[in-house]
Amino acid sequence: MTLHEEINAQYARERIKQIDRMIVKIKAARTDAIARSNPHANERTREFEQREAERYASMLADLQAERAVLSRRLHQESMTND
């Protein structure tokens, strides 16, 4: 493995760890936002709460996609270097 490949692999491993921590935080925030939602609130408040939950879901999907790409790349590099 070249130095450049090792640096890329190290970056991918560190970024995956960072993403995992962020995913946990976003899941907790999304759960909290859903729990805080008030079915008796006015329509504008309910719309805000819905957008907040959707934003967390979108962030979560983006991070999970990035994690999948990094994991796949890391796995492919390890397979080609064996």
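Observations on the structure shown:
- Assigned charges on the beta-carbon of Lys, Arg, Asp, Glu; the chain dipole about Cα centre (debye): 300
- Correct option for Cα Rg over 2.2 N^0.38 Å [calculated from the coordinates] among [x] 1.56; [y] 1.24; [z] 1.87: [x]
- Only one residue of His40, Gln76, Ala9 has its Cα farthest out toward the positive end of the dipole of the chain, where Lys and Arg carry +1 and Asp and Glu -1 on Cβ, and that residue is His40.
Readers should treat all values here as calculations from the given coordinates under stated rules, not as data from a laboratory. Note that this is a predicted model, so its numbers are computed, not measured. Glycine also receives a Cβ, built like all others from the backbone with ideal geometry; neighbour counts cover every protein chain displayed.
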